[in-house]
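Asker: Following this message is one structure expressed as C-alpha cells.
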C-alpha cells in the first residue's frame with residue numbers, strides 16, 4: 001500500500017521522531033543540481049527558481065569576484081566536456097546606492113574552493129561586461145572588459161562557451177538580436193569534471209544584492225561548421241603589479257594586424273586589407289583609413305617616428321609592387337620611398353629619428369639592416385643564412401633587441417646599435433619572437449610559442465610575456481590565440497604601463 005507524504009509525516013510525529021526541516025529536502029533548481037556560497041558570504045546567499053516564469057532569482061553579498069579569492073553565491077551543475085551557458089541578466093534594484101561592480105556571472109569553475117581556477121562572463125551593475133579568468137588556484141584574476149555602460153545599454157543576453165581549452169564570450173546588445181562574438185576569448189585548461197552555473201557577487205561584503213537570470217540554457221555547443229571565419233580583436237592591456245585588465249578597442253570578422261600607439265595615448269594604428277587604419281584606443285568610434293596616397297598592400301610593419309609626426313609604412317606603390325619602406329606624415333599625405341631595394345619591412349626608428357631599422361627576407365633566411373631616412377647609407381647589421389628578425393631600438397639608442405635562431409632555437413637577443421656584441425636574452429623551452437622595449441627602457445615584451453613551433457605562424461596558442469631588464473625575470477601577461485599579426489611592431493603606450501595587441505578567433509561566420 002502506498003502511503004501519502006502527509007500520513008508518513010504524521011506517523012513519524014506520533015512515534016516521537018523529529019520532522020525533517022523543509023530546507024533539507026532537495027530544492028527545485030531547474031537545470032542545475034546544487035547551490036553554494038563560495039568564500040565568505042554573510043548572510044548566506046539564496047537562489048529561488050520559478051518554474052512558471054523560468055527564472056532564477058539570486059541574492060548575495062560578497063566582497064569581490066576577483067583577486068586570488070572569491071566571495072559569491074553559486075548555483076551549479078557538475079559536468080564534463082564542452083558547454084554553452086546562456087542567460088538574460090537583470091539587476092531589478094536600481095534605486096539607492098549600489099556598487100557599479102556588482103557582478104552577475106555565467107561561470108565555469110574547477111572547484112567550489114574560494115581560490116579555484118575559473119572562467120566567467122560577468123555583467124556588472126554599471127553595464128560593463130567582461131570575460132574573466134583565474135588560470136591556477138590562488139592566481140590573481142584577469143579579465144577582458146567591454147565597457148558598454150557608458151554609451152550603450154547593457155547587453156540583453158550573454159553567453160560563455162567552452163570548446164576544449166578555449167572560452168569565448170558572446171552577447172546580444174538588443175532584445176531579440178542574435179548573439180555574436182564579443183571579441184573576448186581566453187585559453188584555460190580545466191580538469192573534468194568541473195562546475196558550471198550562474199552566480200552573484202555584490203562587490204560589498206556588507207550589502208546584499210539581487211539579480212534575476214531568465215531564459216537560461218545549458219547545452220553542448222552546436223558542432224562547428226566545416227568552414228569557419230577568422231575574427232580579429234584589437235585589445236589593450238594594463239600592466240598592474242598584481243593583475244592585468246584587457247580592454248577591447250575593435251573586433252570584426254576578417255584579419256587585421258600589428259597595432260601601434262600614438263604618442264598622446266589616444267589612438268591606435270593598425271593595418272587591415274592593405275590599408276593603414278586608425279581607431280580611438282577606447283573604441284568609441286569605428287576605425288578610419290589613413291590617407292596614404294597611392295600606397296597599397298600595406299603589411300604589418302609600420303610605426304611612428306620619435307617625434308610622433310611621421311609614420312613609417314611597408315607597402316606597395318604603382319610600379320613598385322614589392323614591399324618597400326615609405327615615410328608619410330601621421331596626418332596623411334604622399335608617401336616618400338626610403339628603401340629602393342624590394343622586399344623590405346620596417347621595424348624601428350633610431351631614437352634620434354635619423355635612421356630606420358628594417359629587415360629583408362631572402363629565400364628562407366633574413367637579416368637586419370639600417371638606412372638613413374633620406375634613403376642613403378643602407379648597411380647590414382646582421383649576416384648569415386639563419387633568421388634575425390623583428391629589431392626594436394631601446395629608447396637610449398644603445399641596444400637593438402631582436403629574435404634570432406642563431407643559437408639553435410628562436411630566442412630573444414640584443415646587439416649594439418652598430419650590430420656588434422650580440423647577446424642572447426632568453427634561453428627557455430619556448431619559441432620567442434617580436435621583442436619590444438618599453439618607452440622607459442625597463443621592460444621588453446614578446447610573444448612565446450609552444451616548444452617545437454616552426455616559423456612565425458598565425459592563429460596558434462601563444463603567451464604574451466614581459467621581462468624586467470633589471471633582473472631578467474619574465475612573467476606571463478596573457479594567453480591567447482595569435483602569433484603573426486599579434487604584435488609585429490612596437491605596441492607600448494607612451495606610459496609604459498599599457499600594451500596593444502591583436503588576438504584571433506576561428507568562429508562560425510554567422
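The values are calculated or read from the model by the stated rules, or taken from the named source; none is laboratory data. Just so we're clear, the structure is a prediction, and the values are computed from it rather than from any experiment. Quick reminder, even Gly has a Cβ in these numbers, built from the backbone with ideal geometry, and neighbours come from all protein chains shown.
Asker: Is it the case that the range 49-58 has a residue that's in contact (Cβ under 8 Å) with a residue 40 or more places away in the chain, under 29 Å from residue 475 (Cβ atoms), in contact with a strand residue (DSSP E or B) (Cβ under 6 Å, 6 or more places away or on another chain) and in the same structural domain as residue 183 (by TED's automatic domain parsing)?
Answerer: no
Asker: Output the qualifying pairs, or none if there are none: Cβ atoms under 7 angstrom, residues six or more apart or on different chains, first residue in the range 257-268 and free of Cβ contacts under 8 Å to residues at least 24 places away in the same chain, second residue buried (at least 16 other Cβ atoms within 10 Å of the Cβ) and in a loop (DSSP other than H, G, I, E, B).
Answerer: Within 7 Å, the pairs are 266/281; 267/281.
Asker: Sort out for me the strands (runs of 3 or more DSSP E) sitting completely within the range 237-308 that have 3 or more residues that are at pLDDT below 95.
Answerer: Qualifying strands (runs of 3 or more DSSP E): 244-253.
Asker: Just a yes or no: is a residue in the range 33-40 surrounded by 17 or more Cβ atoms within 10 Å (Cβ to Cβ), more than 19 Å from residue 123 (Cα to Cα), at pLDDT 95 or above and more than 32 Å from the chain's Cα centre (by Cα)?
Answerer: Checking the range 33-40: not a single residue is surrounded by 17 or more Cβ atoms within 10 Å (Cβ to Cβ), more than 19 Å from residue 123 (Cα to Cα), at pLDDT 95 or above and more than 32 Å from the chain's Cα centre (by Cα).
Asker: With the checklist (1) modelled with pLDDT of 95 or more; (2) more than 20 Å from residue 33 (Cβ to Cβ); (3) within 20 Å of the chain's Cα centre (by Cα) in hand, flag the one item residue 123 doesn't pass.
Answerer: (1)
Asker: Let me ask something else about it. Here is a list: 456, 436. Which entry is assigned by TED's automatic domain parsing to the domain that holds residue 497, under 20 Å from the mean Cα position of the chain (by Cα), part of a loop (DSSP other than H, G, I, E, B) and touching a residue at least 24 places away in the same chain (Cβ under 8 Å)?
Answerer: Being assigned by TED's automatic domain parsing to the domain that holds residue 497, under 20 Å from the mean Cα position of the chain (by Cα), part of a loop (DSSP other than H, G, I, E, B) and touching a residue at least 24 places away in the same chain (Cβ under 8 Å) holds for just one of 456, 436, which is 456.
Asker: Any residue at all in the range 148-157 that's at pLDDT 85 or above and either assigned by TED's automatic domain parsing to the domain that holds residue 501 or on the phi < 0 side of the Ramachandran plot (or both)?
Answerer: yes
Asker: Scan the range 187-225 for residues that are loosely packed, with under 14 Cβ neighbours inside 10 Å and assigned to a strand (DSSP E or B) and report the count.
Answerer: Here the count works out to 3.
Asker: Here are some conditions: (1) outside any strand (DSSP E or B); (2) surrounded by 14 or more Cβ atoms within 10 Å (Cβ to Cβ); (3) on the phi < 0 side of the Ramachandran plot; (4) in contact (Cβ under 8 Å) with a residue 40 or more places away in the chain. Residue 339 meets all but one. Which one does it not meet?
Answerer: In the conditions (1) outside any strand (DSSP E or B); (2) surrounded by 14 or more Cβ atoms within 10 Å (Cβ to Cβ); (3) on the phi < 0 side of the Ramachandran plot; (4) in contact (Cβ under 8 Å) with a residue 40 or more places away in the chain, residue 339 misses (4) alone.
Asker: Another one. Just for strands (runs of 3 or more DSSP E) wholly inside the range 358-409: which have at least 3 residues that are more than 24 Å from residue 428 (Cβ to Cβ)?
Answerer: Passing ranges, in order: 365-372.
Asker: Right, here's the next one. Return yes when residue 40 is out of contact with any helix residue (DSSP H, G or I) (no Cβ under 7 Å at 6 or more places or on another chain), over 26 Å from residue 143 (Cα atoms) and in the same structural domain as residue 116 (by TED's automatic domain parsing) and no when it is not.
Answerer: no
Asker: Can you name the condition, by its number, that residue 427 falls short on among (1) surrounded by 22 or more Cβ atoms within 10 Å (Cβ to Cβ); (2) within 21 Å of residue 468 (Cβ to Cβ); (3) without any contact (Cβ under 8 Å) to a residue 40 or more places away in the chain?
Answerer: All conditions pass for residue 427, except number (1).
Asker: Let me ask you something else. If only one of 163, 102 is buried (at least 21 other Cβ atoms within 10 Å of the Cβ) and over 15 Å from the mean Cα position of the chain (by Cα), which one is it?
Answerer: When all the criteria are applied, what remains is 102.
Asker: Can you tell me which residues in the range 168-184 are surrounded by 23 or more Cβ atoms within 10 Å (Cβ to Cβ) and touching a residue at least 60 places away in the same chain (Cβ under 8 Å)?
Answerer: 168, 182, 183, 184
Asker: May I ask you to verify whether residue 441 is closer than 26 Å to residue 280 by Cα, free of Cβ contacts under 8 Å to residues at least 60 places away in the same chain and out of contact with any helix residue (DSSP H, G or I) (no Cβ under 9 Å at 6 or more places or on another chain)?
Answerer: yes
Asker: Follow-up. Considering 52, 18, which residue is at pLDDT 90 or above, farther than 30 Å from residue 115 by Cα and in a loop (DSSP other than H, G, I, E, B)?
Answerer: So the residue among 52, 18 that is at pLDDT 90 or above, farther than 30 Å from residue 115 by Cα and in a loop (DSSP other than H, G, I, E, B) is 52.
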